[in-house]
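All remarks here apply to the structure that follows.
The values are calculated or read from the model by the stated rules, or taken from the named source; none is laboratory data. The model shown is predicted, which means the values in this text are computed figures rather than measured ones. For neighbour counting, all protein chains shown are included, and Cβ atoms are generated from backbone atoms with ideal geometry for every residue, glycine included. To get the accessible areas, we keep the full protein, side chains included, count just its heavy atoms, and leave off ligands, DNA and RNA. Shrake-Rupley method; radii C 1.70, N 1.55, O 1.52, S 1.80 Å.
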Amino acid sequence: MTKAGDVTGALGPDVVPRGPIGKTKLFFQRHWHRGAPGTPTPDWVLRFCYGMWLAAFAFKLLGSSWDMSWHFMWLRDDLAPPHLINTVGTVIILVLVAIHSYTGMGCDKRSLRLMQIGLVVFLVAAPLDVINHRVNGLDLTAWSPSHMMLYLGTGIMQAGVLDGWLKLSKPGRFRTGVLLALWAFFLENTFFPNGQQEYGILGLRAWERGTPEAEPTLLDFAANQIGHPVDRTAVLHFTMPIPEWVYPLWGIGVMALILALARKTVGTRWAATTVAAAYVAYRAVMWPLLLGMGFPVSTVPFYLLAVGLAIDVAYRIGREHVLLTAGIGALLVTAFGYGALWLQAQFRPWILGDAHTESAPPLAYWTAGVALVGVFALWAAATRLPALRLRK
């Protein structure tokens, strides 16, 4: 069993330094040798490695959050600070995947392949996105093909990290805490493109009340893309180019499936609510920070708390019966999710009156039926896939 201590000289076999630099040196001294996936990994190495994964995802989270706001304000983005922060996370991930690949520690074949494939997809998408910007100008939507490849690559990497941690970590509070954090990062990465509508609706309202958040060159660029003067049509094209049915299906339906998987794999009573609350809390903290720096802000998806609660209640009622849990879950997700989103949308007229702003993006409520059927079908199907029968 390893013990934490300070490095004061030659390290004994049971002494592990507390700091990351000392741990890194010790790792390379003792464990830097070629191995196959599944190589036995000391507990301290496993914890340190996955702690660095969390740090990498935190850098990417901070960079991407600022980047979304940045692109609703500025046209230029070369060497923008958000990109540099995101790059720090990417560099850490490159090092981690190289270590996993060379030593075989902290992973098995499947988790390693997912990490490698996700990294390759991300690294291919990054220059494609740059080329797209050079050829076609600034990409004004979070839902573009090159952007979706970036999210996909990150999501595949995160799936590999989740898979490895689930298989190799020892039961206990630390294991549960890391799992919850990893699922919160996975939820954020998947939800991210919905920010287009959350920032977009406030950007549109700001222009309508005569205080545009975007700089003039960005508005001119958006207008030139459709051969228009800078008017409401051009601003609408820039801020709200996504159909209203996309936001609730993605924000409620797809997030419900992710939270259901989180609840299943973590196995604790309020896991889904905890993951949703962690993400919403992060968004609520970023809101005043961005505002204080003078950057555009978005609506905050508070309704995700209701989606997480619906998942946890469904697992309590269904008691591991596949169809019963999926059926109750689909009903509760639809009722809680759409109900909470409707209530959030009413905050502006009920509390702020005629103020020219919004508390939620516009949405198509007819999608509730689609979400109900889709969540049930996909939830029931997912529980039967061998690849998703992960150890608790």
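One residue stands out in segment 224-249 among those that are assigned to a loop (DSSP other than H, G, I, E, B), open to solvent by 40 Å² or more (accessible area, probe 1.4 Å) and hydrophobic (A, V, I, L, M, F, W, C): the one that is nearest to SER298 (Cα to Cα), namely TRP245. Exactly one residue among ARG269, ARG348, ARG283 is under 25 Å from PHE174 (Cα atoms) and either at pLDDT below 95 or of a type in the set (S, T, N, Q) (or both), and that residue is ARG269.
For segment 200-223, name all the residues that are closer than 14 Å to LEU75 by Cα and not in a loop (DSSP other than H, G, I, E, B). Passing the criteria: PRO216, THR217, LEU218, LEU219, ASP220, PHE221, ALA222, ALA223.
For segment 332-358, filtering for residues that are closer than 13 Å to LEU304 by Cα and open to solvent by less than 40 Å² (accessible area, probe 1.4 Å) leaves 9.
Here ARG175 meets each of (1) more than 30 Å from PHE238 (Cβ to Cβ); (2) touching a helix residue (DSSP H, G or I) at 6+ places or on another chain (Cβ under 7 Å); (3) without any contact (Cβ under 8 Å) to a residue 24 or more places away in the chain with one exception, condition (2).
What's the total number of residues in segment 160-187 that are open to solvent by 20 Å² or more (accessible area, probe 1.4 Å) and at negative phi?
Pass one, segment 160-187, residues open to solvent by 20 Å² or more (accessible area, probe 1.4 Å): 167-168, 170-174, 176-177, 180-181, 185-186.
Restricting the remaining residues to those that are at negative phi gives 167-168, 170-171, 173-174, 176-177, 180-181, 185-186.
Matching residues across segment 160-187 total 12.
Restricting attention to segment 73-89, does a residue exist that is over 24 Å from LEU180 (Cβ atoms) and either modelled with pLDDT of 95 or more or buried (at least 20 other Cβ atoms within 10 Å of the Cβ) (or both)? Among the residues of segment 73-89, not one is over 24 Å from LEU180 (Cβ atoms) and either modelled with pLDDT of 95 or more or buried (at least 20 other Cβ atoms within 10 Å of the Cβ) (or both), which makes the answer no. Reported count of residues in segment 285-314, each being part of a helix (DSSP H, G or I) and either of a type in the set (A, V, I, L, M, F, W, C) or over 14 Å from VAL375 (Cα atoms) (or both), is 18.
Condition first: at pLDDT below 95, within 30 Å of ASP163 (Cβ to Cβ) and part of a loop (DSSP other than H, G, I, E, B). Can you find one or more residues in segment 364-381 that meet it? For segment 364-381, residues at pLDDT below 95, within 30 Å of ASP163 (Cβ to Cβ) and part of a loop (DSSP other than H, G, I, E, B): absent.
Residue count for segment 32-66 satisfying the condition of being touching a helix residue (DSSP H, G or I) at 6+ places or on another chain (Cβ under 9 Å) and open to solvent by 30 Å² or more (accessible area, probe 1.4 Å): 19.
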